[in-house]
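Everything below concerns the one structure shown next.
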There are 2 protein chains.
Amino acid sequence: MKLSTKGRYGLRAVLDLAVHADDEAMALSQIAERQSISMNYLEQLIAKLKKAGIVTSIRGAQGGYKLALPAEEISVGDILRALEGDLSPVDCSLVTSNEGICSNADSCVTKYVWKRISDSINDAVDTIKLSELVAESRKVQAGIGTTDTKAKQTCGNSVK
Amino acid sequence: MKLSTKGRYGLRAVLDLAVHADDEAMALSQIAERQSISMNYLEQLIAKLKKAGIVTSIRGAQGGYKLALPAEEISVGDILRALEGDLSPVDCSLVTSNEGICSNADSCVTKYVWKRISDSINDAVDTIKLSELVAESRKVQAGIGTTDTKAKQTCGNSVK
DNA sequence: GTATAACCAAGTAATTTAATAGGAATTAAA
DNA sequence: TTTAATTCCTATTAAATTACTTGGTTATAC
């Protein structure tokens, strides 16, 4: 139940692009260096983002990438789904037609659980817009450390 | 971002136990057969559930497993965390101390995203009690198919 | 025309997953 | 007191996935 580096690196890369973008295109090599991500690997991630219509590219010298939309119109959900595929906790085929159509009452019932989890994840990520993260990033930039203690709370044994 | 078979099989196994349990202990072989799960594999899963205090065991002939608590007092979250480890979308160490303490503003900011996702997942699973699933399972048993069309809605291309 | 960049496809090492296998310990019942 | 049933425990393994790396080709500003 973990995101891969695709989602983790990819979100950072898009955020980097959003924070540092002016109207010029930004070369991938710059993002890769700032974020300490392998440029070749990042290439594969940005290809997915481009395919999903989140970034656009300009080829050739002085080329690079731009956001395809204003940051207010891009949600974290859009970015993560582009990189990770759907964010459901089980494969879609399992939700619909797993093991025959509800041949077993219990697998039928657990589908409700997967759907509730899926909905809550998608709801969470869809309500976070890239613009919020940009704003937050600029705040952090200018007064380090404020956020870190909060983040630590996630890590107790009792997550609840 | 998928649950493994540990979580999927394990939840079904606990539900099976809850549905079919009387006051006698239930042998794992019966659960394995009813749920079409390898008995040897299920053994490993139930060991985790036992360690987490969700089931108790009785050894020897006529032995088996029982719920350690009434189904109303066991949440799906308890079960899934026992089987899968914590349900955060990133490893905890990443949330607290990844890549130095916020050496990079963007990784610092994305931690908020992981925390929001984590909280929403845990909130979703903690509010579903095993007893609800038992009731639902009995309903399904007696009038197949009502749930299936609903489950299908998860599967469109647009999850939103 | 040359440097700079995006674009593309294949390969690979390491890790994780989903089991399988084989036995030891415990206990109810014959 | 033996036997059968059952939990308990550890090690091994095949397959899949992940996280890259490698080695190019194509487009374009200067």
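The values are calculated or read from the model by the stated rules, or taken from the named source; none is laboratory data. On a predicted model such as this, the values are computed, not experimentally measured, just so you know. Cβ atoms come from the backbone with ideal geometry, glycine included; neighbour counts cover every protein chain shown. The accessibility values were calculated without ligands, DNA or RNA, using every heavy atom of the protein model including side chains. Shrake-Rupley method; radii C 1.70, N 1.55, O 1.52, S 1.80 Å.
Things worth noting here:
- If the condition is being within 12 Å of DNA strand C (Cβ to nearest atom) and closer than 12 Å to residue B:17 by Cα, then the range B:58-77 contributes only B:64.
- The set of residues in the range A:31-50 that are surrounded by fewer than 19 Cβ atoms within 10 Å (Cβ to Cβ) and near DNA strand C (Cβ under 8 Å from one of its atoms) comprises A:39, A:40, A:43, A:44, A:47, A:50.
- Candidate set from the range B:1-22 (those that are more than 12 Å from DNA strand C (Cβ to nearest atom) and touching a Lys or Arg at 6+ places or on another chain (Cβ under 8 Å)); member that is most open to solvent (accessible area, probe 1.4 Å): B:20
- Residue satisfying all of: in the range B:52-87; more than 16 Å from DNA strand D (Cβ to nearest atom) and assigned to a loop (DSSP other than H, G, I, E, B); surrounded by the fewest Cβ atoms within 10 Å (Cβ to Cβ) among these: B:70
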